[in-house]
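Novice: To start, I am sharing the structure in question, which I have written as structure tokens.
The values are calculated or read from the model by the stated rules, or taken from the named source; none is laboratory data. Since the structure is predicted, the reported quantities are computational estimates derived from the model, not experimental observations. Cβ sites come from the backbone with ideal geometry, for glycine too, and all protein chains shown count toward neighbours.
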Amino acid sequence: MVISRSEYYISAEEYLEGEKFSEIKHEYIDGQVYAMAGASDAHVTVSMNVSMLLRNHLRGSGCRVYMLDMKAQIDVINRYFYPDVMVTCDTRDKEFEYFKSHPCLIIEVLSESTESYDRGKKFASYRHLESLQEYVLISPDRINVECFRRNADGHWVLYPYEKGEELYLASVDFRCAIAEIYEDVLLVDDNIY
């Protein structure tokens, strides 16, 4: 969640150096720095569940799973974001300690304040990553997972998942019951929607 914006331009190098020592995280968009707010219990729990499931699945594969504190660099448009969960299988990403440039999978857990941004401008930014094969949006308060998968023509196709279904992530050949993503999460009454 973006909560405040700096009023002056800083270089990507200044941003990266500052983030090493900052007590709060910031996202970087073409010279501007935006402070991020904290997350809810459900948000953190869903992020952790997905990260652990993916980590267990990918153990020994050479792919790496990152959660919350690793930046995704989108060099062609001069941006850095903190995805909730990110997977990279590209050996070039071993060169970078504080960001990754070639993720194949990015997952964002939604909140009321970030949902439109995550679906809109942030997704538009992520689409500049040539390595990105899937972008997943997860609701933290009701069972709803949306996987946007890039097809052979470069178009993004939506694969929605709901209660009782099995999630499939082609980018890392991963399957799990949707219920596993929501383990220990207090959900709102399904009848509201």
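Novice: Residues Ile106, Ile138: which one is under 24 Å from Glu19 (Cβ atoms), buried (at least 20 other Cβ atoms within 10 Å of the Cβ) and modelled with pLDDT of 95 or more? Break it down stepwise before answering.
Specialist: Details: Ile138 fails: under 24 Å from Glu19 (Cβ atoms).
Just a single option satisfies the conditions, and that option is Ile106.
Novice: From the set of residues in the stretch 23-76 that are of a type in the set (Gly, Ala, Ser) and in contact with a Phe, Trp or Tyr (Cβ under 6 Å, 6 or more places away or on another chain), which is farthest from Asp184 (Cα to Cα)? Steps first, answer last, please.
Specialist: So in the stretch 23-76, the residues of a type in the set (Gly, Ala, Ser) come out as 31, 35, 37-40, 42, 47, 51, 60-62, 72.
In the following step, the residues that additionally are in contact with a Phe, Trp or Tyr (Cβ under 6 Å, 6 or more places away or on another chain) were identified as 31, 72.
Values: Gly31: 39, Ala72: 28 Å.
Restricting to residues being of a type in the set (Gly, Ala, Ser) and in contact with a Phe, Trp or Tyr (Cβ under 6 Å, 6 or more places away or on another chain), the top hit is Gly31.
Novice: Right, here's the next one. Determine which single condition Asp69 fails, assuming it passes every other condition in (1) under 19 Å from Leu110 (Cα atoms); (2) of a type outside the set (Val, Ile, Thr); (3) surrounded by 14 or more Cβ atoms within 10 Å (Cβ to Cβ); (4) free of Cβ contacts under 8 Å to residues at least 60 places away in the same chain.
Specialist: Here Asp69 meets the rest and fails (3).
Novice: Output the number of the condition that Gly18 fails; it satisfies all remaining conditions of (1) among the small types (Gly, Ala, Ser); (2) under 21 Å from Asp141 (Cβ atoms); (3) assigned to a helix (DSSP H, G or I).
Specialist: Answer for Gly18: the failing condition is (2).
Novice: Listed residues Ser113, Ser171; which is over 25 Å from Gly62 (Cβ atoms) and touching a residue at least 24 places away in the same chain (Cβ under 8 Å)?
Specialist: Ser113
Novice: Working only within the stretch 142-193, note down all residues that are at pLDDT 95 or above, within 24 Å of Asp41 (Cβ to Cβ) and among the polar types (S, T, N, Q).
Specialist: Matches in the stretch 142-193: Asn144 only.
Novice: Answer yes or no as to whether Tyr15 is within 18 Å of Ala72 (Cβ to Cβ) and more than 18 Å from the chain's Cα centre (by Cα).
Specialist: Answer is yes for this residue.
Novice: Return yes or no: is Leu137 over 21 Å from Glu13 (Cβ atoms), part of a strand (DSSP E or B) and under 16 Å from the mean Cα position of the chain (by Cα)?
Specialist: Considered against the rule, which asks whether it is over 21 Å from Glu13 (Cβ atoms), part of a strand (DSSP E or B) and under 16 Å from the mean Cα position of the chain (by Cα), Leu137 comes out as yes.
Novice: Just one of the numbered conditions (1) in contact (Cβ under 8 Å) with a residue 40 or more places away in the chain; (2) within 24 Å of Glu14 (Cα to Cα); (3) surrounded by fewer than 20 Cβ atoms within 10 Å (Cβ to Cβ) is not true of Cys89; which one?
Specialist: (2)
Novice: Taking Tyr66 and the conditions (1) modelled with pLDDT of 95 or more; (2) in a helix (DSSP H, G or I); (3) more than 17 Å from Glu183 (Cα to Cα); (4) not acidic (Asp, Glu), which numbered condition does it fall short on, given that it satisfies the others?
Specialist: Just one mismatch for Tyr66, condition (2).
Novice: Condition first: assigned to a loop (DSSP other than H, G, I, E, B) and within 12 Å of the chain's Cα centre (by Cα). Now tell me which residues in the stretch 69-91 satisfy that.
Specialist: Asp69, Met70, Tyr82, Pro83, Asp84
Novice: Right, something else. With the condition kept exactly as written, say whether any residue in the stretch 112-128 is crowded, with 17+ Cβ neighbours inside 10 Å, part of a loop (DSSP other than H, G, I, E, B) and small (Gly, Ala, Ser).
Specialist: no
Novice: Out of all the residues in the stretch 33-54, which are over 19 Å from Val145 (Cα atoms) and buried (at least 16 other Cβ atoms within 10 Å of the Cβ)? So that I can check it myself, show each step before the final result.
Specialist: To start, the set of residues in the stretch 33-54 that are over 19 Å from Val145 (Cα atoms) comprises 33-38.
Val33, Tyr34, Met36 - these are the residues of the stretch 33-54 that are over 19 Å from Val145 (Cα atoms) and buried (at least 16 other Cβ atoms within 10 Å of the Cβ).
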